[in-house]
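All remarks here apply to the structure that follows.
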Amino acid sequence: MAKITFITLDNEVIELEGTKGSLMRLAKDNGVKGIDGECGGVCSCATCHVHVHPEHFVKVGTPGEFEADLLELNDNASQYSRLCCQIEANENLDGLILQVAGRD
Amino acid sequence: METDSKTCIIVGASQAGVTCAFELRNEGWKGRIILIDSDPSLPYYRPPLSKSVLTGTESIAEHALKPIQLYKKENIELNTGKKVVALNREKSSVELEDGTSLYYDKLVLATGSRPIVPGIDGINKMKNGFTLRNQEDAQKIHRALKNSKAKRVVIIGAGFIGLEAAASLIKLGAKVTVLEKESRVLSRVTSPEMSLFFQKLHAGNGVEIYTNKSVCSFSIQNDNDLVKCTDGIEYHADIVIFGIGVTVNAELAIAAGLQTENGIVVNEKALTSEENIYAIGDCSFHFNSLYNRFIRLESIQNASDQARVAASNICGKQKMYNAIPWFWSDQFDVKMQMVGLQDGYNELILRNTDGPESKKFSAWYFRDDKLLAVDAVNDMKAYMIGTKFIKNNIRVNKLKLANPEEEFNQVNLSSL
């Protein structure tokens with residue numbers, strides 16, 4: 001079990017408990033605004049873009065090739081950007097803070 | 001707008017309808033929201049039906065659009081397993097199959113589309129003929145394959161659904177034959193160059209694809225379906241899947257006298273010819289300002305974006321639909337992404353940074369100097385650059401684009 005915090009674009013802070021599945025699913029199931037996951041989590045759309053809290057970035061790691069390419073040209077991307085459909089919930093992520101990113 | 005005592009009814013609870021319901025709350029709709037669908041399941045996401053749900057690696061429950069508690073939380077009245085049979089414009093009501101009438105202030109038609117079942121001789125007596133549109137279809141196909149020894153699958157139609165189903169079923173050990181009546185696969189959606197790539201991809205993975213093949217009859221032989229083509233060749237099938245396109249569910253709109261063409265006609269606000277009635281998603285025939293024409297799209301992008309536009313306008317805001325269409329398809333180890341609409345292109349440039357045999361490349365479609373669309377195969381960068389160029393109407397340096405030695409980035413490719 002890991003406590004995962006999402007901060008939406010309207011600065012709503014939503015604390016969730018994640019056990020398994022992607023963080024995109026977790027966010028969608030709990031109605032986190034701005035996380036739409038429209039491609040269903042197959043890394044095709046970037047509608048689940050988050051900025052990972054810099055101190056936690058090492059926990060979630062760097063994006064894979066497809067994901068990095070999708071993010072590279074995203075106007076709202078930062079060096080801490082990830083698509084949360086590509087992050088699986090696990091105990092090591094306890095305390096993770098994710099800021100929902102804006103859309104192009 | 002004061003919406004407390006008002007009712008919005010949404011007919012159809014798939015991608016468009018469900019998105020619209022939640023966006024209405026997001027945009028400040030305070031009245032009732034009644035969401036109705038004839039499918040009894042908790043509304044789900046359809047793309048996996050031809051992929052992970054068909055192979056059985058994921059269940060449809062994992063692909064619910066929203067968990068049930070969110071409907072409760074947002075006070076969205078979800079009525080599944082209920083069919084709307086009539087729309088009465090004078091009374092502003094819809095009638096359900098059980099005779100109940102529901103009254104609306106605003107109505108959203110998100111009725112979608114349904115697979116075409118061809119009127120081929122013998123089709124009504126088929127043993128194992130399926131279409132693939134809802135979860136029940138995917139389950140039936142999965143089960144029929146499990147129960148079959150020979151596992152011979154004949155897929156009629158080589159569009160996205162047919163090819164995705166072929167890729168999924170071959171993973172389960174099926175012997176898959178695809179019959180396409182046109183001269184190439186994916187002829188409705190992409191160029192001959194891409195068709196060739198996909199044809200080879202499938203052949204390389206053991207799918208038998210035959211083009212210029214028209215089916216003329218079905219019969220039963222040895223307790224199995226027999227598919228006969230106009231050239232006299234017959235195919236024995238344990239399972240037959242039809243993937244030959246869809247028909248719009250426009251009956252309600254037509255009967256109510258709304259303007260329809262290739263779908264329910266709507267303007268940039270997703271509003272139909274009738275005040276207070278909107279149409280979104282697969283069923284809408286809408287104006288796309290980027291391509292300056294009316295189009296109908298079968299895609300998640302269009303369903304979601306139009307749902308947002310309708311919700312916003314229903315709540316009294318001014319939001320116009322001007323999204324760039326995008327699509328994707330996953331088959332075998334290939335992720336294909338498409339952005340824009342290529343119809344009417346007169347020049348195609350292939351960009352192949354990693355060499356001609358690579359499975360990572362992109363096809364760029366131009367009408368003279370205007371970039372219309374990009375098909376990207378395992379090439380996220382091409383998809384992203386293409387999207388930016390189309391969105392911002394940037395002129396592409398075609399010589400640089402065609403030269404794999406030239407750096408593949410927005411700045412370099414846009415410098416003339």
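The values are calculated or read from the model by the stated rules, or taken from the named source; none is laboratory data. Computed from a predicted model, the values in this text were never measured in an experiment. Quick reminder, even Gly has a Cβ in these numbers, built from the backbone with ideal geometry, and neighbours come from all protein chains shown.
Of the residues in the range B:373-391, at least one is surrounded by 22 or more Cβ atoms within 10 Å (Cβ to Cβ) and away from chain A (no Cβ under 14 Å).
So is A:Leu71 hydrophobic (A, V, I, L, M, F, W, C) and free of Cβ contacts under 8 Å to residues at least 60 places away in the same chain or not? When the stated conditions are applied, A:Leu71 passes them.
Using the structure shown, decide if B:Lys91 is more than 21 Å from B:Ser312 (Cβ to Cβ), assigned to a helix (DSSP H, G or I) and of a type in the set (Lys, Arg). It is false that B:Lys91 is more than 21 Å from B:Ser312 (Cβ to Cβ), assigned to a helix (DSSP H, G or I) and of a type in the set (Lys, Arg).
Quick one: in the range B:101-121, which of the residues that are surrounded by fewer than 17 Cβ atoms within 10 Å (Cβ to Cβ) and under 24 Å from B:Ser219 (Cα atoms) is farthest from the chain's Cα centre (by Cα)? It would help to see each step written out before you state the result.
Taking the range B:101-121 first, the residues surrounded by fewer than 17 Cβ atoms within 10 Å (Cβ to Cβ) are B:101, B:103, B:105, B:114, B:116-119, B:121.
Checking the rest, the ones that are also under 24 Å from B:Ser219 (Cα atoms) come to B:116-119, B:121.
Values: B:Ile116: 14, B:Val117: 17, B:Pro118: 19, B:Gly119: 23, B:Asp121: 28 Å.
Among them, the one singled out is B:Asp121.
Within the range A:79-104, the residues that satisfy the criterion of being surrounded by 13 or more Cβ atoms within 10 Å (Cβ to Cβ) and either part of a helix (DSSP H, G or I) or among the hydroxyl-bearing types (Ser, Thr, Tyr) (or both) are A:Tyr80, A:Ser81, A:Cys84, A:Cys85, A:Gln86, A:Leu93. The set of residues in the range B:269-293 being hydrophobic (A, V, I, L, M, F, W, C), modelled with pLDDT of 95 or more and on the phi < 0 side of the Ramachandran plot consists of B:Leu271, B:Ile277, B:Ala279, B:Ile280, B:Cys283, B:Phe285. The combined condition, being without any contact (Cβ under 8 Å) to a residue 12 or more places away in the chain and over 22 Å from the mean Cα position of the chain (by Cα), is fulfilled by B:Ala203.
Please verify whether A:Lys20 is surrounded by fewer than 17 Cβ atoms within 10 Å (Cβ to Cβ), within 13 Å of chain B (Cβ to nearest Cβ) and not small (Gly, Ala, Ser), treating the condition exactly as stated.
yes
Listed here are the helices (runs of 4 or more DSSP H) enclosed by the range B:5-79 that have at least 2 residues being surrounded by 23 or more Cβ atoms within 10 Å (Cβ to Cβ): B:15-26, B:52-55.
Going by the conditions given, is A:Asn92 farther than 27 Å from B:Thr387 by Cα and either within 14 Å of another protein chain (Cβ to nearest Cβ) or in contact (Cβ under 8 Å) with a residue 60 or more places away in the chain (or both)? Answer is yes for this residue. Residues in the range B:305-361 that are buried (at least 24 other Cβ atoms within 10 Å of the Cβ) and of a type in the set (Val, Ile, Thr): B:Val309, B:Ile314, B:Val339.
For the range A:36-65, taking the residues that are outside any loop (DSSP other than H, G, I, E, B) and surrounded by fewer than 18 Cβ atoms within 10 Å (Cβ to Cβ), the one that is farthest from the other protein chains (Cβ to nearest Cβ) is identified as A:Glu55.
Here B:Ile141 does not fit the description of being among the aliphatic types (A, V, I, L, M), within 14 Å of chain A (Cβ to nearest Cβ) and within 26 Å of the chain's Cα centre (by Cα).
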